Structure formats: structure tokens, C-alpha cells
1. Which residues, counting only those in region 177-220, are β-branched (Val, Ile, Thr) and surrounded by fewer than 16 Cβ atoms within 10 Å (Cβ to Cβ)?
2. Exactly one of (1) closer than 15 Å to Leu76 by Cβ; (2) of a type in the set (Ser, Thr, Tyr); (3) buried (at least 19 other Cβ atoms within 10 Å of the Cβ) is unmet by Ser122. Its number?
3. Are any residues in region 197-212 within 16 Å of Leu154 (Cβ to Cβ) and not hydroxyl-bearing (Ser, Thr, Tyr), and if so, which ones?
4. Do we find that Ala147 is closer than 23 Å to Arg92 by Cα, modelled with pLDDT of 95 or more and over 20 Å from the mean Cα position of the chain (by Cα) in this structure?
5. Any idea which residue in region 147-167 is surrounded by the most Cβ atoms within 10 Å (Cβ to Cβ), counting only those that are among the small types (Gly, Ala, Ser) and in contact with a Lys or Arg (Cβ under 6 Å, 6 or more places away or on another chain)?
6. Quick one: count up the residues across region 104-119 that are more than 23 Å from Leu76 (Cα to Cα) and either part of a helix (DSSP H, G or I) or among the basic types (Lys, Arg) (or both).
7. Out of region 168-220, which residues are of a type in the set (Val, Ile, Thr), touching a residue at least 60 places away in the same chain (Cβ under 8 Å) and out of contact with any helix residue (DSSP H, G or I) (no Cβ under 8 Å at 6 or more places or on another chain)?
8. Only one of these conditions is not met by Tyr144: (1) touching a residue at least 24 places away in the same chain (Cβ under 8 Å); (2) among the hydroxyl-bearing types (Ser, Thr, Tyr); (3) loosely packed, with under 13 Cβ neighbours inside 10 Å. Which number is it?
Amino acid sequence: MAVEPANTLQKHVHRTEVCDEQISIDIEALLQGLGTDEKQGAWFAVFSKSVAYGGIHMFPIYYLEILAGLLLMRRLESWYANVIKRLVKSPRFYIRDSGILHRLLSISDYDALLSNPVVGKSREGFAIENILSVLPGGVEAYFYRTADGAEIDLLLKLSRELWAIDIKKGTAPKITRGFHQACVDVQATQKFVVHGGDDEFPVKYDTIGISLQNLMTRLQ
């Protein structure tokens with residue numbers, strides 16, 4: 001097992017080298033799947049920025065499926081049952097390792113992340129990946145979004161319940177009307193807003209404000 005350097009700068013350099021090595025391995029596999037001899041990581045770096053800043057629609061689904069197959073991306077399907085509305089049905093993709101995302105976007109520390117427009121998407125992807133990592137067997141995960149903008153970041157179908165989860169980066173979350181309407185649409189039985197703090201407290205529309213760690217504990 002490799003020993004991580006003690007010095008802060010050395011730690012950053014070490015993590016960068018490890019990250020770059022893993023990316024190069026994954027990119028080589030990706031590019032082989034795309035049938036090209038190019039072995040540089042520039043394509044994936046551009047792709048990562050497009051995902052982070054909302055331009056994922058520019059990339060063919062074939063590329064996204066390859067990345068999901070390499071476990072670089074998380075594919076989340078759209079919820080479709082018992083809803084008579086125009087829905088966004090295309091799957092949603094997240095880069096599974098937020099550290100790789102930050103590296104490709106040249107985000108070196110927490111302060112740099114907070115000042116970057118990707119901070120919200122980074123937080124969302126990080127929370128979703130951690131939540132999905134502790135799900136019991138048989139639990140299904142989706143997202144929900146209507147053409148009018150009503151949205152649930154993560155929808156968990158348990159045996160007899162449907163949990164709606166909104167993800168925020170701040171410590172004083174506010175429930176949007178869109179999230180509330182989406183919960184009514186799908187008839188959610190439990191509603192949570194995951195925030196950046198440690199406390200658990202009620203918010204409006206019978207929603208519980210909860211930390212990521214506490215929600216993961218509830219699911220285990």
C-alpha cells in the first residue's frame with residue numbers, strides 16, 4: 001500500500017499523480033472503445049467540463065454509456081410511474097468521483113471549489129454517489145423532472161415507500177415550490193433535504209432537513 005506524504009503540498013502533488021494515472025488508464029480503455037489511437041486525456045477533460053456546466057446533451061449517448069461501463073459515470077434513470085405530465089425522460093449522468101472532476105477542472109482546494117460555478121453539481125453528485133453506496137438490496141434509484149421544472153434530485157423506491165431527496169450545499173436549506181410539487185406528483189411518502197450541516201430539523205411541506213451522514217445511517 002502506498003504511503004501518502006505528510007507535507008500538504010506533497011499530498012496535493014501525490015494525489016494529482018495518482019488521479020492522473022487512474023484517468024490515463026480509464027481514458028485508454030475509453031478511447032479503445034471509441035476506436036481511436038489518440039491516448040491523451042484532453043477529450044475527457046472537455047467532456048467533464050461539459051457535464052459540470054450543463055452541456056452534456058452535446059455528447060452522444062454511446063460515449064456516456066462507455067464511461068458508465070468504466071464506472072467513471074453514474075447513470076440515473078428518470079422516474080416514470082403514475083405521473084400524467086410531460087417528463088424529462090433522458091437518463092442523467094454524474095461523474096462518480098468528485099476528486100477526478102475537481103482535478104479535471106483544476107480545482108485545487110475547498111476555497112477554489114466554493115468560488116467555482118460547479119460547486120452545486122459537485123455537491124449533488126458527491127451526495128448521490130454516497131447515498132447509493134449504502135442502499136440495501138432491492139432499493140431502486142431515480143430522478144424526477146417535469147418539463148415545467150418540478151424536480152427531485154434523487155428518488156428512492158423502497159419496498160413500501162418512496163423517498164424524495166433534494167440536495168443543497170448550504171446549511172439553511174429552503175424547499176422550493178418545484179420540489180414540493182414534484183413530491184405531490186409522485187406521492188412521496190418521505191421527503192428530505194440534504195444540507196451541508198450536521199443538524200436534523202423540520203422544514204415546510206413535512207420535509208426533514210438532514211445531513212448526508214444521517215441520511216446514509218437511516219438507509220443502512
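The values are calculated or read from the model by the stated rules, or taken from the named source; none is laboratory data. Note that the structure is a prediction, hence the values are computed from the model and not measured. Note: ideal-geometry Cβ built from the backbone for every residue, glycine included; neighbour counts use all protein chains shown.
1. Filtering region 177-220 for residues β-branched (Val, Ile, Thr) gives 184, 186, 189, 193-194, 203, 207-208, 210, 217.
Within region 177-220, Val184, Thr189, Thr217 qualify.
2. Condition (1) is where Ser122 drops out.
3. Ile208, Gly209, Ile210, Leu212
4. On the way: closer than 23 Å to Arg92 by Cα: yes; modelled with pLDDT of 95 or more: no; over 20 Å from the mean Cα position of the chain (by Cα): yes.
No: the conditions fail for Ala147.
5. Within region 147-167, the subset among the small types (Gly, Ala, Ser) is 147, 149-150, 159, 164.
Subset that is in contact with a Lys or Arg (Cβ under 6 Å, 6 or more places away or on another chain): 147, 164.
Working: Ala147: 9, Ala164: 26.
My answer is Ala164.
6. 5
7. Here is the first cut: in region 168-220, the residues of a type in the set (Val, Ile, Thr) are 171, 175-176, 184, 186, 189, 193-194, 203, 207-208, 210, 217.
Now narrow it down to the ones that are touching a residue at least 60 places away in the same chain (Cβ under 8 Å): 186, 194.
Within region 168-220, Val186 is the sole residue that qualifies.
8. Tyr144 satisfies every listed condition except (3).
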